[in-house]
Structures are given as C-alpha cells and as structure tokens.
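Colleague: Encoded as structure tokens, here's the structure I'll be asking about.
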Amino acid sequence: MKRVLFLFIILGLISCKKENTESLIVNEKTKEGKSKSELIKIRDFPLKDLSKVEVLSYEDRMRWDDIKNRYTKDLIVDYKLNFDSTKVKERVVLNSVLKTELLELMSQDSCKLENLPRDCYMPRHIILFRDHKNRIIGYKELCLSCKGFRESKNLENYNGFCYSQMEELFIKAGIKYLDEDYE
C-alpha cells in the first residue's frame, strides 16, 4: 500500500513539473509571437540606399500639370521629377529626427481604415526619397484633404499612416503651404 501511495506521489510530482515546463514553453512562444507581430507592425523600409528625404509643396497639381495624362503619368522619370518644378512653392530637406519619424509613420498600419479616400485628388505635396547620388529612388505624392496618394512601386503598401500625423510632420519640418493655404 505504501508503494502504491509513493508511486502516485511521484507520478503527481512528475506530471506537475511537466505541466510547468510546458507552460514556460508556451509563454516563450507567446513572447516570440509578440516580437514577430511588432516586427510586422514596424516593417523594414524598402529603400535601403536612402540618403535624403525631401518634402515639396505646390499648388494643386491637377490645375497646372499636363492635362492629357496628369492622373496616369509617371511623376519620376530617370530619377528626376517629371513635372514643372517651377511650380514648387517649398522644398524642405528633413533632418535625421524627422526622417526617422517619417519612416516610422509610413511603416505603421494604424490608420488604414480611418483614412478612406474621398472622391477627389488635389495633390499639393510630394515626399521624395533620394539615394547617395541624389537620385530620386522613391516618392509618395499626397492630397491631405482628400486622403489620397500616388506612390512609386517600391513604396506600395506603405500607406497605413494617418494623414493628420503626416500633416503634423510637415508643419514640424517647416512646410507652410498646406491644403487650406491654397484655396
């Protein structure tokens, strides 16, 4: 009888220890899962050769750009702007702090559903991403009031940012021409 009781106690201790070990493993997997989801949230920015970021502001491009193909034309050709740059009102190069803030903003997915585009497109800002040779390697043109954008192919799916946060970043950078300033 003592042997049977002793056997049950040993089996009970072993099974409890095994449950504890399994719960530790589950917790470690959860931690790994959390860090992976955080990595997915942050995402690596696709432009590895990025050297400089510029923000340009101009009057509604749809009013003055090439009438025939202003909605479909490539905005950057041969690493250069493909529209009349004399219409640019402001050109601001982001410092390293604002550049980091912009990349984090573009890499988030917090406002995808809140930023449903409206039935208009009056772009007044473009963000240019330049490499070490000062060539434009990516862009994102924005219409803050309509919540619309156009982008280079290498920046597709980097549009979960909040337009209000983007506008705040432009103001921090010194951009004065915002949507209400043009009308």
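Colleague: Filter segment 138-178 down to the residues that are of a type in the set (S, T, N, Q) and either touching a strand residue (DSSP E or B) at 6+ places or on another chain (Cβ under 8 Å) or on the phi < 0 side of the Ramachandran plot (or both) and list them by number.
Modeller: Passing the criteria: S145, S152, N154, N159, S164, Q165.
Colleague: If a residue must be at pLDDT below 85, out of contact with any His (no Cβ under 9 Å at 6 or more places or on another chain), assigned to a loop (DSSP other than H, G, I, E, B) and within 29 Å of N95 (Cα to Cα), how many such residues does segment 36-66 contain?
Modeller: Count: 6.
Colleague: With the requirement that a residue be β-branched (V, I, T) and either in a helix (DSSP H, G or I) or in contact (Cβ under 8 Å) with a residue 60 or more places away in the chain (or both), what does segment 67-96 give you?
Modeller: I76, T86, V92, listed by residue number.
Colleague: Does V97 count as at pLDDT 95 or above, exposed (fewer than 12 other Cβ atoms within 10 Å of the Cβ) and out of contact with any strand residue (DSSP E or B) (no Cβ under 7 Å at 6 or more places or on another chain)?
Modeller: yes
Colleague: With Y121, Y158 as the choices, which residue is under 19 Å from Y58 (Cα atoms), out of contact with any His (no Cβ under 8 Å at 6 or more places or on another chain) and among the aromatic types (F, W, Y)?
Modeller: Step by step, each of Y121, Y158 is checked, and only Y121 is under 19 Å from Y58 (Cα atoms), out of contact with any His (no Cβ under 8 Å at 6 or more places or on another chain) and among the aromatic types (F, W, Y).
Colleague: Taking interchain pairs and intrachain pairs at least six residues apart, which have beta carbon atoms under 6 angstrom, with the first residue in segment 125-147 and in contact (Cβ under 8 Å) with a residue 12 or more places away in the chain and the second part of a strand (DSSP E or B) and among the hydroxyl-bearing types (S, T, Y)?
Modeller: Pairs that qualify, where the first residue is in contact (Cβ under 8 Å) with a residue 12 or more places away in the chain and the partner is part of a strand (DSSP E or B) and among the hydroxyl-bearing types (S, T, Y), are H125/S57; I126/Y139; L128/Y139.
The values are calculated or read from the model by the stated rules, or taken from the named source; none is laboratory data. These figures come from a predicted structure and were not determined experimentally. Because the Cβ atoms are built from the backbone with ideal geometry, glycine has one as well, and the counts that use them run over all protein chains shown.
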